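Engineer: Here it is, the structure, as structure tokens.
The values are calculated or read from the model by the stated rules, or taken from the named source; none is laboratory data. What you see is a predicted model, and the numbers here were worked out from it, not measured in a lab. Backbone-built Cβ (ideal geometry, glycine too); neighbour counts: all protein chains shown.
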Amino acid sequence: ETQRVEAAGLRLLACSVGEEARAPLEERLSDPDLGPVAALGLARLGATEALAPVAAAPSAVGIVARAVTP
């Protein structure tokens, strides 16, 4: 339940706050459960360069990062 609420919060942050959401989203990239949500939020902001460090990771966040990075 808590993770669902946090995930919803990250999505809302990326949608409503804009560029100011970048730092909190980047902080969550290493979270195994919320990292993919953060990666999608960063992609929405156009901050795909922030995903480069995790793009090679064999994890859900790495898969998302590879999918949204040009």
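Engineer: In region 55-70, what residues are assigned to a loop (DSSP other than H, G, I, E, B), exposed (fewer than 15 other Cβ atoms within 10 Å of the Cβ) and among the hydrophobic types (A, V, I, L, M, F, W, C)?
Structural biologist: Ala56
Engineer: Among the residues of region 1-54, which ones are under 20 Å from Pro70 (Cβ atoms) and surrounded by fewer than 15 Cβ atoms within 10 Å (Cβ to Cβ)?
Structural biologist: Glu19, Gly46, Glu49, Ala52, Pro53
Engineer: Could you say which residue among Glu6, Glu26, Glu20 is at pLDDT below 90 and at negative phi?
Structural biologist: Glu20
Engineer: Collect the residues in region 14-69 that are β-branched (Val, Ile, Thr) and under 15 Å from Gln3 (Cβ atoms), keeping them in residue-number order.
Structural biologist: Val37, Val61
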